[in-house]
Amino acid sequence: MRTARFVATRFAGMLLVLLVVAFVTFVVFYVLPADPARMACGRPCSPEGLRLAREFMGYDVPWYRQFLDFLGGIVGGRTFGTGTAAIHCAAPCFGYDFQNNVDVLSEIGGRIEVSFSVALGAAVIWIVLGVGLGVLSALRRGTAVDRITMAAAMTGVSMPAYLAGMIGITIFAFALDVVPKSGYVPLSENPAQWAWHLVLPWFVLAFLHAAIYARLTRGQMLETLGEDYVRTARAKGLTERKVVGRHALRNVLLPVVTVFGVDLGGLLAGTVITERIFGMAGVGRLLVDAIASLNLPVLLGVTLFSALLVTVLNFLVDLCYGALDPRARLV
């Protein structure tokens, strides 16, 4: 019963956050000076043509009606215009790209494989390296291993993503010529080439994020190893491996899981800089192109889709938090 109440509370909170994000995002894009109807009307555009474009796209009603229509489109789909020229956007409809004549969710769906491939591969590498090196550094505190690990972590934390990407391409793609310079091969087309083209982006992102996780894990592990229950476990004669693995690591993972959910959600929504540097057409690239062309429906749809990913992952993190620490279910 308590677990069900915990899940229901977190789920309700997730829906509330999504609603607030959708409202704020919609209002922000509504007050922008760019007019999608005018851009769709073309040049020259007569006042009558602009009026028809606004009516067709649903911009001829007050902003709150537009917001309600947008939410209704997510739930039950939406139809733009009337008669034979009408365009239907099936649920869940995150908007319609009138510049390219396609619904926004289809555009995102065509790019999501790239972003997911980059983010998930890098996440596996950085969580293993970051947590592993952080634990090792804590257990070897003050040694050469600790100093080298923390120096590398400081470098990763301080280095911008574009600089790490350019250094990686220069060394491994141009100088050594051991990995592809850019591009993406779909997993269904050639799994080996898919992984080969993603090796460099994976390790560039993993280096930057593993540095953060190594520092976080080291600090948490040092704090946990000083707790009374850890000293008690050692006094009982348990081996160091059991003390660290069974008792200390579980508490260390709590903040790590929290940060991991936020980071992974952001990356799944699109790695803008990484995709740009390595020439990949993911969701991040779609967002950049939409900004360049002032394509507001795509901007709004991608923003809300990204918020949905981050919120859902944080919901899953809350569930993992409750599994790792039953006390969290009481909150």
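The values are calculated or read from the model by the stated rules, or taken from the named source; none is laboratory data. Keep in mind it's a predicted model, so treat the numbers as computed, not measured. Every residue, glycine among them, receives a Cβ derived from its backbone with ideal geometry; neighbour counts consider all protein chains shown. Only protein heavy atoms, including side chains, enter the accessible area calculation; ligands, DNA and RNA are left aside. Shrake-Rupley method; radii C 1.70, N 1.55, O 1.52, S 1.80 Å.
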Just for the range 183-212: of the residues that are small (Gly, Ala, Ser) and closer than 18 Å to Ile167 by Cβ, which one is surrounded by the fewest Cβ atoms within 10 Å (Cβ to Cβ)?
Ala206
Could you tell me whether the range 304-320 includes any residue that is open to solvent by less than 40 Å² (accessible area, probe 1.4 Å), more than 30 Å from Gln66 (Cβ to Cβ) and assigned to a helix (DSSP H, G or I)?
yes
Looking at Ala53, Ala40, can you tell me which residue is in a helix (DSSP H, G or I), in contact (Cβ under 8 Å) with a residue 40 or more places away in the chain and either outside the structural domain of Gly95 (by the TED database) or among the small types (Gly, Ala, Ser) (or both)?
Ala40
For the range 198-235, name all the residues that are under 12 Å from Gly121 (Cα atoms) and in contact (Cβ under 8 Å) with a residue 24 or more places away in the chain.
Leu198, Leu200, Pro201, Trp202, Phe203, Val204, Leu205, Ala206
Within the range 113-131, can one find any residue that is of a type outside the set (A, V, I, L, M, F, W, C), free of Cβ contacts under 8 Å to residues at least 24 places away in the same chain and either outside the structural domain of Val302 (by the TED database) or open to solvent by 20 Å² or more (accessible area, probe 1.4 Å) (or both)?
no
Can you pull out every residue in the range 47-88 that is surrounded by fewer than 16 Cβ atoms within 10 Å (Cβ to Cβ), touching a strand residue (DSSP E or B) at 6+ places or on another chain (Cβ under 7 Å) and farther than 16 Å from Leu19 by Cα?
Gly77, Thr79, Gly81, Ala86, Ile87, His88
Quick test for you: out of Val28, Val20, pick the one residue that is without any contact (Cβ under 8 Å) to a residue 40 or more places away in the chain, under 16 Å from Val298 (Cα atoms) and in a helix (DSSP H, G or I).
Val28
Can you pull out every residue in the range 135-173 that is under 21 Å from Val118 (Cβ atoms) and assigned to a loop (DSSP other than H, G, I, E, B)?
Met159, Pro160
Matching residues in the range 262-287 (of a type in the set (A, V, I, L, M), closer than 20 Å to Ala195 by Cβ and open to solvent by 10 Å² or more (accessible area, probe 1.4 Å)) number 5
Enumerate the pairs (first residue in the range 281-292 and over 13 Å from Ala269 (Cβ atoms) and free of Cβ contacts under 8 Å to residues at least 12 places away in the same chain; second residue anywhere and surrounded by 15 or more Cβ atoms within 10 Å (Cβ to Cβ) and of a type outside the set (A, V, I, L, M, F, W, C)) with beta-carbon separation below 9 Å, excluding pairs fewer than 6 apart on the same chain, so at least 6 apart or on different chains.
Asp289/Asn295
Are any residues in the range 174-231 of a type in the set (Ser, Thr, Tyr), modelled with pLDDT of 90 or more and closer than 16 Å to Gly282 by Cβ, and if so, which ones?
Tyr184
Suppose we keep only residues that are over 15 Å from Val135 (Cβ atoms) and hydrophobic (A, V, I, L, M, F, W, C) within the range 213-256. Which one would you say is most open to solvent (accessible area, probe 1.4 Å)?
Ala235
